[in-house]
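Quick notes on the structure that follows.
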Amino acid sequence: MTVGNSFFETQTFREKWLWLILIFFGTNVWLFKETFDQMVQHIEVGNKPMSNMELISTTVLVTILTILFLLFKLETRIEKDGIYIRFFPFHLSPRKYSWDKIEKSYVRQYSPLREYGGWGIRFGLFGKGMAYNVSGDMGIQLVFKDGTKVLIGTNKPQEVEEILRRKNLN
């Protein structure tokens, strides 16, 4: 959402392929089935089956991790004093990148897998810097006066470009 010279965006992990992997092809469905088979139908799973407590603990842990994925969100705010990001639940309060410490800011296309090894809070290889991304292949590239870099993913590159253009004119 753009208001004047401000911008706000919230992104979440909502790609269908990711959820298929997490829920169906990952361990959730398999673990629930195996837990049911072993505890209700008394059919032991595998050559060296887990104890019921180990199976329940593993199932609960994987379920919590999947639910945690539902809670992940990347919030980006561009204000007159800087860019704020919050990657919940890792950041409880926003991180601020002040304009006076930023040498360049622009929108660019990038390869999440090749440049940063995927999505989330990532550390790029070969001087790419840090990335905060959830989906897509467009981001706000920040280059700081000390040479460090941060890339913030966005699904609204045109709105960000407009805000950055206005900011650079002021």
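Screening LYS128 with (1) at pLDDT 85 or above; (2) in contact with a strand residue (DSSP E or B) (Cβ under 7 Å, 6 or more places away or on another chain); (3) of a type outside the set (Asp, Glu) gives one miss only, at (1).
Among the residues of region 51-80, the ones that are out of contact with any Ser or Thr (no Cβ under 6 Å at 6 or more places or on another chain) and basic (Lys, Arg) come to 2 in all. The residues listed here are GLY82, GLY153; of these, the one that is under 17 Å from ASN5 (Cβ atoms) and not aromatic (Phe, Trp, Tyr) is GLY82. Checked against the criterion of being modelled with pLDDT of 75 or more and among the aliphatic types (A, V, I, L, M), region 18-34 has at least one qualifying residue.
Every residue, every condition in (1) without any contact (Cβ under 8 Å) to a residue 12 or more places away in the chain; (2) closer than 30 Å to ASN133 by Cα; (3) among the basic types (Lys, Arg); (4) assigned to a helix (DSSP H, G or I), yes or no:
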| position | (1), (2), (3), (4) |
| --- | --- |
| TRP30 | yes, yes, no, yes |
| GLU34 | no, no, no, yes |
| ASN47 | yes, no, no, no |
| VAL60 | yes, yes, no, yes |
| THR63 | no, yes, no, yes |
| ILE78 | no, yes, no, no |
| PHE90 | no, yes, no, no |
| GLU103 | no, yes, no, no |
| TYR106 | no, yes, no, no |
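The values are calculated or read from the model by the stated rules, or taken from the named source; none is laboratory data. As the structure is a prediction and not an experimental result, all values here were calculated from the model. When we count neighbours, we look across all protein chains shown, and the Cβ atoms used for this are built from the backbone with ideal geometry, even at glycine.
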